[in-house]
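Report on the following structure.
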Amino acid sequence: MPLPSPNLDDRTFEQLVDQARRRIRRTCPDWTDLSPGDPGIVLLELFSFLTETMIYRLNRVPEKVYIELLRLIGVTLQPPAAASVILRFRRSDGDDQPIEITRGTRVASARPGGRAGAEAEPPIFTTSVTVTIPAGQRHVEVLAHHCVQVDGELAGVG
């Protein structure tokens, strides 16, 4: 997944022209002709156009440069890894027998309705070790990963 590109400057041509006209009124009160036909305004619009083009290019920093800039400020990217979570299994009321949760137990959560993408399959997490809820205890926690467990796969013929 690519990193989201930063929007370093989001000013438009119209905003740049308006900002320059306000500055003209403040610093040069003798300049009264601010119509589009005035040579000074033509130059102002030209510079605004070139500035907008430069801002457009500035906001398209290549991902490699963006990663290097992040590295310079001390941010390092982590390699891809499976999502992991600590699952808590609870026993129902009245049940007091030991319950074994085997390695490879698959668990998914129900997604709340009304969100974008709610019709997609929920993520399925797989427990990484076998745990037991002893008699007298109410719950147990176990580490699970978002992955597909493969118990036996041929590595090749040698």
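In the list Gln149, Gln137, which residue meets the criterion of being assigned to a loop (DSSP other than H, G, I, E, B), surrounded by 11 or more Cβ atoms within 10 Å (Cβ to Cβ) and at pLDDT below 85?
After ruling out the rest, the residue left standing is Gln149.
Is one or more of the residues making up the range 68-85 surrounded by 10 or more Cβ atoms within 10 Å (Cβ to Cβ), part of a loop (DSSP other than H, G, I, E, B) and modelled with pLDDT of 90 or more?
The answer is no; no qualifying residue exists.
For the range 91-129: of the residues being basic (Lys, Arg) and farther than 12 Å from Val142 by Cβ, which is modelled with the lowest pLDDT?
Arg115
Are there any pairs with C-beta distances below 6 angstrom linking a residue in the range 51-80 that is under 30 Å from Gln15 (Cβ atoms) to a residue that is among the aromatic types (Phe, Trp, Tyr) and open to solvent by less than 100 Å² (accessible area, probe 1.4 Å), with the two at least 6 apart or on different chains, and if so which?
Glu52/Phe13
Looking only at the range 11-59, filter to residues that are among the acidic types (Asp, Glu) and part of a helix (DSSP H, G or I); which one of those is nearest to the chain's Cα centre (by Cα)?
Checked the range 11-59; the qualifying residue nearest to the chain's Cα centre (by Cα) is Glu52.
For the list (1) open to solvent by 80 Å² or more (accessible area, probe 1.4 Å); (2) out of contact with any helix residue (DSSP H, G or I) (no Cβ under 8 Å at 6 or more places or on another chain), I need the number of the one condition that Thr53 fails.
(1)
Can you tell me which residue is farthest from Pro123 (Cα to Cα) among those in the range 87-112 that are touching a residue at least 24 places away in the same chain (Cβ under 8 Å), open to solvent by less than 90 Å² (accessible area, probe 1.4 Å) and in a strand (DSSP E or B)?
Here the residue is Ile99.
The values are calculated or read from the model by the stated rules, or taken from the named source; none is laboratory data. All of these numbers come straight from a predicted model, not from anything done at the bench. Please note: Cβ atoms are built from the backbone with ideal geometry, for glycine as well, and neighbour counts cover all protein chains shown. Just the protein is used for accessible areas: all its heavy atoms, side chains included, with ligands, DNA and RNA removed. Shrake-Rupley method; radii C 1.70, N 1.55, O 1.52, S 1.80 Å.
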